[in-house]
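Please treat every number below as a calculation from the coordinates, not as lab data. Computed from a prediction, not measured in an experiment: that's the story for all the values here. Cβ sites come from the backbone with ideal geometry, for glycine too, and all protein chains shown count toward neighbours.
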Amino acid sequence: MTKDHGYLIAPFDNPVSAILEGIDRDVERGEDALMLGLGLVMLSSIFASIAPPTVLLPIVAVIFACSAGYARINYHRMEHKLTASIAALDYHDMAKLKAIVNVFKQYPMPSLIDSLNPAKNLVRTWKSALGGLLINPFWMPIFYMMGMQIKEEANLGVLIQAIIEVEKKLATIPIKDDSKQ
């Protein structure tokens with residue numbers, strides 16, 4: 001396995017732009033994983049006439065778990081790559097990326113083990129149990145994993161807003177053109 005050194009991979013002209021491109025690409029990757037999982041769950045209704053709910057509903061929960069799990073791993077990977085990349089920047093470049101760093105500080109994501117543990121997520125467990133009682137007990141794991149999926153979407157949305165904010169700030173900074181001198 002190769003060691004990941006962050007978003008600053010040569011060649012790059014501007015380290016802040018390189019980090020923004022890399023983190024934007026990783027956010028899109030996380031969104032794609034979540035949308036793939038949601039799309040597969042939506043397609044599962046095709047098999048409803050063939051497969052019984054005792055087979056189909058656990059598969060739907062596993063699909064949600066895989067897509068949300070991959071998005072969570074991707075989120076942690078983004079955080080580590082950003083931390084490694086920022087260590088190589090000077091103070092002014094670090095200040096430009098402060099909004100993105102703040103997202104990772106204000107919205108820390110627990111590990112997958114903690115997220116999948118019903119005892120550590122009592123509110124999500126209670127909501128999924130209530131939904132399972134109202135609809136069907138086989139829906140409890142689906143509701144639990146759907147809650148995880150929604151949390152991942154929300155965090156990626158906040159991260160996208162921070163990226164847009166940084167890009168807007170960078171667009172307003174005048175760029176020196178040394179070729180006119």
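A few comments on the model shown:
- Test set (1) in contact with a Leu (Cβ under 8 Å, 6 or more places away or on another chain); (2) within 21 Å of Val158 (Cβ to Cβ); (3) among the aromatic types (Phe, Trp, Tyr) - Phe47 fails condition number: (2)
- The residues of region 21-41 that are without any contact (Cβ under 8 Å) to a residue 40 or more places away in the chain and either in contact with a Gly (Cβ under 8 Å, 6 or more places away or on another chain) or β-branched (Val, Ile, Thr) (or both) amount to a single one, Val41.
- The listed residues are Asn74, Asn14, and the only one of them that is in contact with a Lys or Arg (Cβ under 9 Å, 6 or more places away or on another chain) and either free of Cβ contacts under 8 Å to residues at least 60 places away in the same chain or closer than 17 Å to Glu153 by Cβ (or both) turns out to be Asn74.
- Of everything in region 50-83 that is hydroxyl-bearing (Ser, Thr, Tyr) and within 23 Å of Asn117 (Cα to Cα), the residue that is farthest from the chain's Cα centre (by Cα) is Thr54.
- Identity of the residue in region 45-71, exposed (fewer than 15 other Cβ atoms within 10 Å of the Cβ) and hydroxyl-bearing (Ser, Thr, Tyr), that ends up nearest to Ile142 (Cα to Cα): Thr54
- The numbered conditions (1) surrounded by 15 or more Cβ atoms within 10 Å (Cβ to Cβ); (2) not in a helix (DSSP H, G or I); (3) not hydrophobic (A, V, I, L, M, F, W, C) are all true for Gly131 except (2).
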